[in-house]
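Participant: Just passing along the structure, written as structure tokens.
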Amino acid sequence: MTLSLAVPDILVARAKAGDEEALEALYRAFETPVYNLARRMLRHSEDAEDVLQETFLEVVRSIGRYRGDGSLWGWIRQIAASKALMRIRREQVRTTEELLEDTTGRAAPPVGLALDLERAFESLSETSRAVVWLYDVEGYTHEEIAELMGKTVSFSKSQLARAHARLRRQLGGADGGTT
Amino acid sequence: MTHCTMEDLLDLRAGEGSVAARRHVTACAACGADLEALHQRAAQLRALPPRRPSRDRWPAVRETLAAERRLGRRRLAWRLAGLAAAAGLFGIVVLRGVGPGASEAYGDEIALAKQESAAIEERLGAYDVSGGVMSGREAALAVELEDRIAVIDGALAQTAREAELLDLWQRRVDLMEQLFEVRVSRTAYVAF
């Protein structure tokens, strides 16, 4: 995904001063990347939209505390990832995610039926999707993911390995297993 | 060495991994292809087209923030009114001693609390558009607040003592404000 995520300093300064037009401009600049991040991590588009909304409420309430040490996108992304993971945790309280995945069978297509990457990725559990996306796409380290998720580094590593093993099985072809 | 595990391959991709795994992957065509596929997969994930929201959520963000600002102003006004009433009551007590004047001050404060409670109820009515699209936690909180308000309403109907009435009305206002916060933030989420 290639999007320009740089915003002028003056816009940030105006947003910090509470200028509603500047706040909306920030929303417009980051709406798609925030939603995309949330949607890749979460199974349902409505949940991702809720995360988008919650993220920007938090951004508007807290922008005064943003010091500009890192990129604005990095700061907003941290908020969005945290909100999405909170939602995953809440959902896990209600359902046993792995059980759902194993019993619905959608994660295990018939042998020989290769899925495209998008569909294969969609079939992963939300926790696996979150780890894969944060690690492989957003460039988070296992330490950062572990901290965000309130889990251990080995949890993050094993989730990533399980997810890739599953993707390899589903995608077939050059991904045909050797282990 | 047997074939590389997915953990081995991920370590190798990250530039880590054991010497034995590194040696194996250069010698074994299957594991070499697996490692290459891992690299490719990450690149393909990064190249997926961005997903875009189907609805514009900015109006909901703006409305929620505006509601918070209004609530903040209300609370400030209520606190100032409370301080003013307390100062007035203090003045009456000092000037006249505790007597008929105290009752008058209670009456003013009770009237103020009643007004505040009615105003919040009116605003709640205006916001209650969804008829129940709440998370389980929010719904439970709303029900608990409504129960506590009902208990206070019961107590209000059974007392005539002004000090107690004032306390009950003020607690009712506080609970109504909390209920408003739960309801408004949620309806703003679902209203757009």
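Participant: Confirm whether A:SER128 is within 24 Å of A:TRP75 (Cα to Cα) and modelled with pLDDT of 95 or more. Write out each step before concluding.
Facilitator: Values: within 24 Å of A:TRP75 (Cα to Cα): yes; modelled with pLDDT of 95 or more: yes.
Criteria met by A:SER128.
Participant: Regarding the stretch A:59-81, can at least one residue be identified that is in a helix (DSSP H, G or I), under 20 Å from the mean Cα position of the chain (by Cα) and within 11 Å of another protein chain (Cβ to nearest Cβ)? So that I can check it myself, show each step before the final result.
Facilitator: Of the residues in the stretch A:59-81, the ones in a helix (DSSP H, G or I) are A:59-65, A:72-81.
When the remaining residues are screened for being under 20 Å from the mean Cα position of the chain (by Cα), the result is A:59, A:72-81.
Next, from what is left, pick out any that are within 11 Å of another protein chain (Cβ to nearest Cβ): A:59.
Yes, because at least one residue in the stretch A:59-81 is in a helix (DSSP H, G or I), under 20 Å from the mean Cα position of the chain (by Cα) and within 11 Å of another protein chain (Cβ to nearest Cβ).
Participant: State whether the residues of the stretch B:13-23 include one that is touching a residue at least 12 places away in the same chain (Cβ under 8 Å), under 20 Å from A:GLU138 (Cα atoms) and more than 9 Å from chain A (Cβ to nearest Cβ). It would help to see each step written out before you state the result.
Facilitator: Going residue by residue through the stretch B:13-23, those that are touching a residue at least 12 places away in the same chain (Cβ under 8 Å) are B:13, B:20-21, B:23.
From what is left, the residues that are under 20 Å from A:GLU138 (Cα atoms) are B:13.
Okay, now just the ones that are also more than 9 Å from chain A (Cβ to nearest Cβ), so B:13.
Within the stretch B:13-23, one or more residues are touching a residue at least 12 places away in the same chain (Cβ under 8 Å), under 20 Å from A:GLU138 (Cα atoms) and more than 9 Å from chain A (Cβ to nearest Cβ).
Participant: Going through B:ALA43, B:ALA67, B:ALA87, B:ALA77 one at a time, which residue ends up being within 44 Å of the chain's Cα centre (by Cα), modelled with pLDDT under 90 and within 12 Å of another protein chain (Cβ to nearest Cβ)? Reasoning before the result, please.
Facilitator: Numbers: B:ALA43 fails: modelled with pLDDT under 90; B:ALA87 fails: within 12 Å of another protein chain (Cβ to nearest Cβ); B:ALA77 fails: within 12 Å of another protein chain (Cβ to nearest Cβ).
Testing whether each residue is within 44 Å of the chain's Cα centre (by Cα), modelled with pLDDT under 90 and within 12 Å of another protein chain (Cβ to nearest Cβ) leaves just B:ALA67.
Participant: Confirm whether B:ASP8 is in a helix (DSSP H, G or I) and more than 7 Å from chain A (Cβ to nearest Cβ). Step through it out loud before you land on a result.
Facilitator: On the way: in a helix (DSSP H, G or I): yes; more than 7 Å from chain A (Cβ to nearest Cβ): yes.
So B:ASP8 passes the test.
The values are calculated or read from the model by the stated rules, or taken from the named source; none is laboratory data. Everything numeric in this text was worked out from a predicted model, so none of it was measured. Reconstructed Cβ throughout: ideal geometry from the backbone, glycine too, with neighbour counts over all protein chains shown.
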